[in-house]
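Let me begin by presenting the structure, written as C-alpha cells, before commenting on it.
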Amino acid sequence: MSVETLALLAAALFGLAIGSFLNVVIYRLPLGQSLVSPPSRCRHCGYSLRWFDNVPVLSWLFLRGRCRNCGAPVSWQYPLVEFITGALFVLVVWLTPIGPLLVTRLLLVCILIVLFGIDLEHQILPNSITLPGIAIGVLLSLIAPPGIKDAAIGAVLGAGILYGIAAAYYLWRREEGMGMGDVKMLAMVGAFLGWKAVLVTLVLSSFAGAFIGVILMTAQKGNMKFALPFGTFLAIGAFIAMLAGDPLIAWYTGFF
Ligand SMILES: [Zn+2]
C-alpha cells in the first residue's frame, strides 16, 4: 500500500471518529448541555452506550438503527454525519499538502458541518461557534494561507455584505429576512479563507438556496413563505470555495 493510500485511509478513520463527536456537538450545543459528560445515552431509555455501540457508522448498521437495550429507533442522521465527515476529510487530505493549511481546512470542515446541522435543525447559528471561529480563523492566518491581511479583509467584507443586505431588506420589508448569525458566519468564512472566498461562497450559496427554494416552492404549490436556513447553504458554499475557489475564480474571470 502506498503512503498516499495510507494517508487517505487514516483521514477516513480520523474523520469518522471526529464525526461521532460532531454529532454530540450538533445535538447538545443548542440544548445548552455539556459536550463531554455524560457519555452518549439512548434518548429513549437512558442506556449508556458501550464502546462497541459507538463505532462510527458500523454500530448503527449492525443494530439496524435501533437501541440495543430498548429497540427505540436511532436517527439516521448519526451515521450520515459520521460518513460525511469521513468523506470530506478524505477529500481535504487528498487536495491539500501537509502543513498548517491542512489543519486550517480540517478545522473549518468540522465547524461547517456543525453549523450546517444546527442551522438545519434549529434555524440558529450559535455565537459560541461563529465568534470564536472568527478569532481562530484570523489567528491561523498568521501561519497559513490566506495570510493575515487577506483574512482581516475577508472577515470585514463577509460581515459587511450580509449586514448590508439584512439592513436593506429590513428597510424595504420592515421585517428580518436574514439573521445576524449569517452575518457572523460569513465573517468567519472570510477570516479562514480570505476575501475572494467570501464572494465565491456568497454566489454559490445563493445559487444553491435559490435552486432548493424553487424545488420546495414547486413541491408546496406556491407557498412563498418558507424560511430556508441560509447558514446551511453558506456551509456548502464555503466548503466548495475552500477547495475549488481559485479555479472557479480563474474560470469566471476568463470570460472577460
Ligand atoms: Zn434505548
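The values are calculated or read from the model by the stated rules, or taken from the named source; none is laboratory data. None of the values given here were measured: they were computed from a predicted structure. Backbone-built Cβ (ideal geometry, glycine too); neighbour counts: all protein chains shown. Each accessible area value is taken on the protein alone, full model and side chains, heavy atoms only, with ligands, DNA and RNA left out. Shrake-Rupley method; radii C 1.70, N 1.55, O 1.52, S 1.80 Å.
A compact table of results
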{"item": "Single residue of Pro132, Pro126 found to be free of Cβ contacts under 8 Å to residues at least 24 places away in the same chain and under 20 Å from Leu29 (Cβ atoms)", "result": "Pro132"}
{"item": "Matching residues in the stretch 98-152 - criterion: being among the aliphatic types (A, V, I, L, M), within 17 Å of the chain's Cα centre (by Cα) and buried (at least 18 other Cβ atoms within 10 Å of the Cβ)", "result": "Leu106, Leu108, Val109, Ile111, Leu112, Ile113, Val114, Leu115, Ile118, Leu125, Ile129, Ile134"}
{"item": "Test: Ala155 is open to solvent by less than 60 Å² (accessible area, probe 1.4 Å), of a type outside the set (Phe, Trp, Tyr) and part of a helix (DSSP H, G or I)", "result": "yes"}
{"item": "Unique match (being away from the ligand (no atom under 16 Å from the Cβ) and open to solvent by less than 40 Å² (accessible area, probe 1.4 Å)) among Val24, Val3", "result": "Val24"}
{"item": "The stretch 39-73, subset aliphatic (A, V, I, L, M) and outside any helix (DSSP H, G or I), residue farthest from the ligand (Cβ to nearest atom)", "result": "Val57"}
{"item": "Single residue of Leu95, Leu8, Leu31 found to be in contact with a helix residue (DSSP H, G or I) (Cβ under 6 Å, 6 or more places away or on another chain), more than 16 Å from the ligand (Cβ to nearest atom) and open to solvent by 60 Å² or more (accessible area, probe 1.4 Å)", "result": "Leu95"}
